Amino acid sequence: MFEVTRYEVGRRVRGTVVLSVLVALLGLLMVAFFPSVRTSSAALEEYIANLPPAFREAFGIDSFGTIEGFLATELYQFGWVILLGVYFGYRAGSLVAGDVEDRGIDLWLATPLSRARLVIERYLSLIPTMVAVNVVTPLVVLPAIAVVGEPVPVERVLAVHLLSVPYFLATAALGLVLSVLVSRESTASRGALGLVFGLFLVESLASVGDVGWLGAVSPTRYFDPTGVLLRGAYDPAGAVILLGAAVGGVGLATLLFRRADIT
């Protein structure tokens with residue numbers, strides 16, 4: 001069981017290690033930079049107050065003079081919601097389309113593996129990377145926060161990392177659907193990148209307009225690092241919705257691939 005998953009995970013070990021280290025270093029850099037931000041927090045807060053509401057909403061800018069607000073904006077809203085969300089969508093876009101394009105899929109389909117199992121196990125191979133970045137980063141960030149002498153509720157930081165996993169699963173599911181719909185790897189991956197980022201923009205603009213309902217289609221609506229870090233506003237219902245969207249996306253991708261004519 002899970003032979004495909006183990007094979008794909010093995011291929012990505014180096015990439016997972018590099019990504020985890022880079023993201024952890026980004027978190028360390030943000031924490032180290034905060035003391036200089038704190039000294040000019042009054043001027044920053046005045047500047048932020050004059051920013052367009054859509055911009056403040058998009059990047060979760062709130063209480064920038066506190067380390068919780070600073071990390072929520074600079075590390076988690078930008079790094080987790082945007083960069084990693086787009087990354088997992090992009091990576092998922094190549095899971096099937098890459099093999100279809102170079103005809104490597106013929107070798108897989110010649111084995112006793114079903115098409116459904118192939119799609120599901122390819123998708124599951126992304127989970128170790130999701131877990132790795134969410135384990136390594138707090139191991140670096142939390143001690144760094146203690147060194148700079150800023151009190152931050154540890155459970156809120158851990159909650160952000162835990163709640164980000166359903167979000168990543170949902171963005172990856174979007175990429176997976178495109179990966180079985182499009183036979184060119186570059187098109188599927190770039191399409192997934194554009195789709196995830198586009199949905200982020202939809203949610204950001206809808207939240208400050210009269211079409212708030214439109215943002216319900218975006219995964220970013222159900223993952224709010226700023227609310228978690230600043231107010232302890234956990235959203236288990238949002239996590240359930242994201243998990244449901246991920247399961248639905250994988251199910252749709254499986255159905256489409258089973259019916260696809262690969263010639």
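The values are calculated or read from the model by the stated rules, or taken from the named source; none is laboratory data. Since the model is a prediction, treat every value here as computed from it, not as a measurement. We place every Cβ from the backbone using ideal geometry, glycine too, and count neighbours over all the protein chains shown. All accessible areas refer to the heavy atoms of the entire protein, side chains included, with ligands and DNA or RNA removed. Shrake-Rupley method; radii C 1.70, N 1.55, O 1.52, S 1.80 Å.
Let's see how each residue does on (1) in contact (Cβ under 8 Å) with a residue 12 or more places away in the chain; (2) in a helix (DSSP H, G or I):
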position	(1), (2)
80	yes, yes
88	yes, yes
107	no, yes
111	no, no
129	yes, yes
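Could you tell me whether any residue of the stretch 143-158 is out of contact with any helix residue (DSSP H, G or I) (no Cβ under 8 Å at 6 or more places or on another chain), modelled with pLDDT of 90 or more and part of a helix (DSSP H, G or I)? There is at least one residue in the stretch 143-158 that is out of contact with any helix residue (DSSP H, G or I) (no Cβ under 8 Å at 6 or more places or on another chain), modelled with pLDDT of 90 or more and part of a helix (DSSP H, G or I). Taking the criterion of being at pLDDT below 85 and either farther than 24 Å from residue 161 by Cβ or among the β-branched types (Val, Ile, Thr) (or both), the residues of the stretch 203-223 that qualify are 205, 206, 208, 209, 210, 211, 212, 213, 214, 216. Screening the stretch 113-127 for residues that are open to solvent by 20 Å² or more (accessible area, probe 1.4 Å) and outside any helix (DSSP H, G or I) and picking the one that is nearest to residue 5 (Cα to Cα) gives 113.
When residue 164 is tested against the conditions (1) within 23 Å of residue 37 (Cβ to Cβ); (2) buried (at least 16 other Cβ atoms within 10 Å of the Cβ); (3) small (Gly, Ala, Ser), the lone failure is (1).
Given the structure, is residue 174 assigned to a helix (DSSP H, G or I) and at pLDDT 90 or above? Answer is yes for this residue. In the stretch 213-234, the residues that are at positive phi reach residues that are open to solvent by 50 Å² or more (accessible area, probe 1.4 Å) with C-beta atoms within less than 6 angstrom, at least six apart or across chains, in these pairs: 232/156. Evaluated against (1) open to solvent by 20 Å² or more (accessible area, probe 1.4 Å); (2) touching a residue at least 60 places away in the same chain (Cβ under 8 Å); (3) farther than 26 Å from residue 1 by Cβ; (4) part of a helix (DSSP H, G or I), residue 203 falls short on exactly one condition, (2).
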